[in-house]
1. Of everything in segment 39-82 that's among the acidic types (Asp, Glu) and out of contact with any Lys or Arg (no Cβ under 9 Å at 6 or more places or on another chain), which residue is farthest from residue 4 (Cα to Cα)?
2. Which count do you get for residues in segment 130-149 that are over 14 Å from residue 201 (Cβ atoms), of a type in the set (D, E, K, R) and in contact (Cβ under 8 Å) with a residue 60 or more places away in the chain?
3. Would you mind stating whether residue 48 is modelled with pLDDT under 90 and either under 16 Å from residue 80 (Cα atoms) or of a type in the set (A, V, I, L, M) (or both)?
4. Which one is surrounded by the most Cβ atoms within 10 Å (Cβ to Cβ) among residues in segment 5-23 that are in contact (Cβ under 8 Å) with a residue 40 or more places away in the chain and assigned to a loop (DSSP other than H, G, I, E, B)?
5. Tell me which residues, restricted to segment 417-430, are modelled with pLDDT under 85 and within 30 Å of residue 450 (Cβ to Cβ).
6. For segment 219-238, check the following and say yes or no: at least one residue is under 28 Å from the mean Cα position of the chain (by Cα), part of a helix (DSSP H, G or I) and touching a residue at least 60 places away in the same chain (Cβ under 8 Å).
7. Could you please give the count of residues in segment 453-483 that are more than 20 Å from residue 348 (Cα to Cα), among the hydrophobic types (A, V, I, L, M, F, W, C) and buried (at least 16 other Cβ atoms within 10 Å of the Cβ)?
8. Which residues, taken from segment 57-72, are surrounded by 15 or more Cβ atoms within 10 Å (Cβ to Cβ) and under 27 Å from residue 110 (Cβ atoms)?
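The values are calculated or read from the model by the stated rules, or taken from the named source; none is laboratory data. Computed from a prediction, not measured in an experiment: that's the story for all the values here. Please note: Cβ atoms are built from the backbone with ideal geometry, for glycine as well, and neighbour counts cover all protein chains shown.
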Amino acid sequence: MMQLKSGDIFAEHYQLKKRLGTGSFGEVWLAQNLLADVEVAIKYYGRLDDNGIKDFREEFKLAYKLHHPNLLHLNHFDVFEQCPFLVMPYCSNGSSAILAGKMSEKQLWHFIRDVSCGLMFLHGQTPPVIHQDIKPDNILIGDDGRFIISDFGISRKLEHTFRKSVNKVESSGTLAYMGPERFSENPLIVATSDIWSLGMSAYELLSGHLLWEGMGGCVQLNGARIPALNKEYSSQLTKFIHTCLSINTWDRPTARQAYEYACSMLKQEASQPSLGPVTHATPSVSSALPPSTSPHIKKKPNKHVSKRLAGWIALSILLVLLLIKGISTFFGNLEEERTYTACRTKEDFKHFLNRYPTSSHAEFVKLKIQMLVEDSIKEVQRREAAVQITVDTIEAEQPIEEELPAKQPTRFKPKPKAETPSPAPDSAKIRRENEERFFYNCQTVADYEKYLRQYPKGRFVYKAKRAIQQIEAEMMQSASPQEKTVRKSTKISLEL
């Protein structure tokens, strides 16, 4: 940033006379316009590159269009040695900061009315213009006594550009007027952030000092409370300042509500002038709304609260539906397991598969049906083979029985043949039937393992092992991660 001193010629035809103030991004000087022979205020900023100057020019074009009795109009924009500067009217009365600790309550209501009227105009733009730095130093006193907002229209994008160019952060004075929402986990700047700054400015103008040692709204996040004003001030003023300094943005009044409330209070005090004369004139603001007839701040229904309530209702309905679905799924799974456990025959398994086609047991059930079909085919083949053997035996013995009558009859009665004892039951067949009955009654892993121990070389060894693998795979799919880890470790230990 350039080093300027009184008497320097700035931008060819501005002679600097006195430094009026220093901000985060530049300085304000009283200067004499040598061409027009008038006093003006010049605010110049730090050096910017061509892109930064282009952005600044666009910001000026937007701010130049803003005309309001409570806004300081920007007359001219120019660039000097890569430093953009603004030319503005000079307010010889200075800023409202000189009145800190000296304002009466009636003067403060005028201050609140004028500043909130200007903010109402800024917030009503499309998109809204948020000042972001309302403080007594930026509220000037016009020649007619009107309070005028200055230093507005600089966007967050340009602030970031200026901070990089001058290698500075915002001053502690600005920090003192920043609301708590700007210190939260997700910093937020909204229109009512200017209202918080207005409340802090009003407190300073009444008491003569800043709250919380100039630390701003960050201390409110830790539970700091607002000290009470002196009892000489009305309860309406105290309540208004406390409302402006609310920790929640939606609890603060809007600029319109603050303006209407200040107008109503001034109207009441005009009929009962007990606070002393006003030291400056009270201009009529043609662009302001008519004052409210009620001295209380009327808060409109907060859209954020209604949206939040609708969100909670929708979430509650969703949770109830999920709970109902979960209960239905739980009892459905119980019924599915009961039906699966009761399956014994091929028809039972087919009925289960038709009823629960997407069941986790579907693959195993299909395998079980295939095994039962194969076994039934083998049983039919075995029976057909047994019947064929019986037929062949009968055919082989039939000729002998036919030749017996052909023998010569004997005079003597033949001796009765000894009764042939029935053959001993086939032990191998009984063993096969027992093994088959044992295998088809198996349902769990323990049952199949017991079968493998009893029949290590049985006919269904391969099928039993496949059934164990299928059951274990289904159990692993439905188990939690902890149970999977325990089962794997148990299996490894058993194998060892």
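1. Restricting to residues being among the acidic types (Asp, Glu) and out of contact with any Lys or Arg (no Cβ under 9 Å at 6 or more places or on another chain), the top hit is 58.
2. The number of residues fulfilling the criteria is 2.
3. yes
4. The selected residue is 23.
5. 424, 425, 426, 427, 428, 429
6. Scanning segment 219-238, I find no residue that is under 28 Å from the mean Cα position of the chain (by Cα), part of a helix (DSSP H, G or I) and touching a residue at least 60 places away in the same chain (Cβ under 8 Å), so the answer is no.
7. Here the count works out to 2.
8. Residues satisfying the conditions are 63, 66, 68, 69, 70, 71, 72.
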